[in-house]
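The next block holds one structure in the form of structure tokens; read it before the comments.
Please treat every number below as a calculation from the coordinates, not as lab data. None of these values were measured; they are calculated from a predicted model.
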Amino acid sequence: MTPRWVVPVLLAVFLAACGAHVHHRVRPGETLYAIGWRYGVDYRTLARWNGIEPPYTIRPGQVLRVAPPRPNWWEEEEMEGADAPAPSIEERPSTRPVPPPMAPPGGAIVWRWPVQGPVLRTFRLQPPVNKGIDIGGRVDAPVRAAAGGEVVYAGQGLIGYGNLVIVKHDQNFLSAYAHNKTLLVKEGDRVAAGQIIARMGRDNRGRAALHFEIRRRGKPVDPLKFLPRRGG
């Protein structure tokens, strides 16, 4: 019989061989939301892995686990997936609270286009990956919140995103606005749908464009499935 300690050790070796990130050292200005965004993990999952309680305060130099702590983590995470079916009441342990019904895609959020302009690049999770959409425009054009919420990150600490704003809309949805020339909000601000939160800058290709993402429970989803068919 294989000793119990062998599987975790082999998993750690496999992750190291693949170059997978297991830990992250917090840098000045980073938030749990921004770190979760970088690694594609829901902020509440990161908090649970690291024993962090609300309001999810972290400090520079702190080392956080950003990969699952157990080799059979998927059995637990599967129940939290957006598409996982809810078990019947009879199957739920009596000691656990019954979760509310899953909201339909987008919940009660009424999304709107963050900028006017053509879609230059669409959502794609296969190489070449694009975790959102790129919308063209002009430098200094207003960038508006796609829905109301709270600014949980405003800065340039995420490599590849430039000046970035992340807005939390509810317990499931975040949106991000990248490559801005100027940020007009700060962390902790409440913003209304359509409020100007930044001014458009240039993307990594030198084009005047906004990179826009929507994430549901930490995972990127296609913004075109949520935005109205025509910008407005």
- line: What one gets for region 119-225 as the Kirkwood radius, inverse of mean 1/r over different Cα pairs in Å, is 13.6 Å
message: Between region 111-143 and region 156-182, what is the separation of their alpha carbon centroids in Å?
response: 13 Å
